[in-house]
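Asker: Following this message is one structure expressed as structure tokens.
No lab work stands behind these numbers, since they all come straight from the coordinates. Computed from a predicted model, the values in this text were never measured in an experiment. Positions of Cβ are generated from backbone atoms using ideal geometry, with glycine treated the same way; all protein chains shown enter the neighbour counts.
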Amino acid sequence: MLVLVAVAAALVLRTADAAPFSGRPSVPIADDAPTVTFIGDSWTVGRGATDLYGYAPRTADRLGRHARLLGVGGSGYSVPGPHRNVFADRIKTAVASRPEIIVVQGSLNERRSTPQALARATTATLTDLRGRADPGTRILVVGASDNPGTSDATIDWINEAIGAAAAKAGLPFVDPAAQGWLDPADPRLWADTIHPSDLGHEAFARRLVPRLQELLGV
């Protein structure tokens, strides 16, 4: 009996977390709709979400835009990760997609770096991105989020360095940790210690959409 109760509870929790958020919208995006291009880490890939339907495509869908995902797991501005690819390596591809908006997300992977190395790499990357992108392309820099597997102090120095670099490049910056986008103590939001669940990706997208609408003036 106790086993049956536990299984039932697990199924209820899984349904509550995933079912409302795992499917894509039933209304397709128009072929001629603009594109939102995302440069980021495994969060941009969609790690932790059902069918990798993460915060990035959810955000684009809510804006009525196509999503171009340039996410590489383990990467950051100064940390190349296992795929030896930093954010700057994706600038050319991002600009070539002629997007309406470019979102640069993260990264908590910078916990393996230093404030000095991150500051240098972020300033160079964001300055280059702004210089190469079309003047009409909106760019939003989104810092690292609090998460169960990374200390608050580490996320703070990461976001301080990224925020300062964004200011130097003349780009708007959003700090998800300071604004409390995701609660690291809420297990429903996390697929593991550093990746959001479906519910977490959904919550992140819902906080990101209004920021992009502000940039678009809608």
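Asker: Once Lys and Arg get +1 and Asp and Glu get -1 on their Cβ, which of 66, 27, 45 lies farthest toward the positive end of the dipole of the chain?
Answerer: The residue sitting most towards the positive pole is 66.
Asker: On to the next question. Under the 0.36 nm per residue contour assumption, what length would be gained going from the current alpha-carbon distance of residue 35 and residue 160 to full extension?
Answerer: Gain on extension, residue 35 to residue 160, equals 42.1 nm.
Asker: Ok, one more. Given R₀ = 25 Å, what would the calculated FRET efficiency be for residue 128 paired with residue 84, taking r from the Cβ atoms and rounding to 0.05?
Answerer: The value I calculate is 0.85.
Asker: Here's a follow-up. Relative to the longest principal axis of the chain, what angle (0 to 90°, nearest 10) does the C-alpha long axis of helix 198-216 take?
Answerer: 30
Asker: Quick one: net charge around residue 87, please, counting Lys, Arg +1 and Asp, Glu -1 for every other residue with C-beta under 11 Å from its C-beta.
Answerer: -3
Asker: May I ask what percent, to the nearest 5, of DSSP beta bridges between residues of the range 71-218 are antiparallel?
Answerer: Around 20 percent antiparallel, to the nearest 5.
Asker: Determine, from the Cβ-Cβ distance of residue 117 and residue 167 and an R0 of 22 Å, the FRET efficiency 1/(1 + (r/R0)^6), rounded to the nearest 0.05.
Answerer: Step by step, r from the Cβ atoms, then E = 0.75.
Asker: Pick from 148, 187, 135 the residue whose mean-square fluctuation is largest in a GNM of the chain, springs joining Cα atoms under 10 Å.
Answerer: Sorting by GNM fluctuation, first place goes to 135.
Asker: Work out the FRET efficiency for residue 24 and residue 188 from their Cβ-Cβ distance, taking R0 = 25 Å, and round it to the nearest 0.05.
Answerer: 0.75
Asker: Based only on other Cβ atoms within 10 Å, what is the fewest-to-most ordering of 156, 192, 146?
Answerer: 192, 156, 146
Asker: Going by alpha carbons, how many degrees (0 to 90, nearest 10) lie between the helix axis of 2-18 and the longest principal axis of the chain?
Answerer: Compared with the principal axis, the helix lies near 30 degrees.
Asker: Here's another thing I want to ask about it. Provide 83, 201, 66, 195 in ascending order of the number of other Cβ atoms located within 10 Å of each residue's Cβ, fewest first.
Answerer: Least to most surrounded, the residues fall as 83, 66, 195, 201.
Asker: Relative contact order, percent, of the chain when contacts are C-alpha pairs under 8 Å separated by at least 6 residues?
Answerer: Once divided by the residue count of the chain, the mean separation gives 21 percent.
Asker: Between the range 144-218 and the range 83-133, how many Å separate their Cα centres?
Answerer: 16
Asker: Starting with the fewest neighbours, write out 168, 92 ranked by other beta-carbon atoms found within 10 Å of each beta-carbon.
Answerer: 92, 168
Asker: Might you report the magnitude of the Cβ-based charge dipole of the range 44-216 about its Cα centre, with Lys and Arg at +1 and Asp and Glu at -1, to the nearest 20 debye?
Answerer: The calculated dipole for the range 44-216 is roughly 660 debye.
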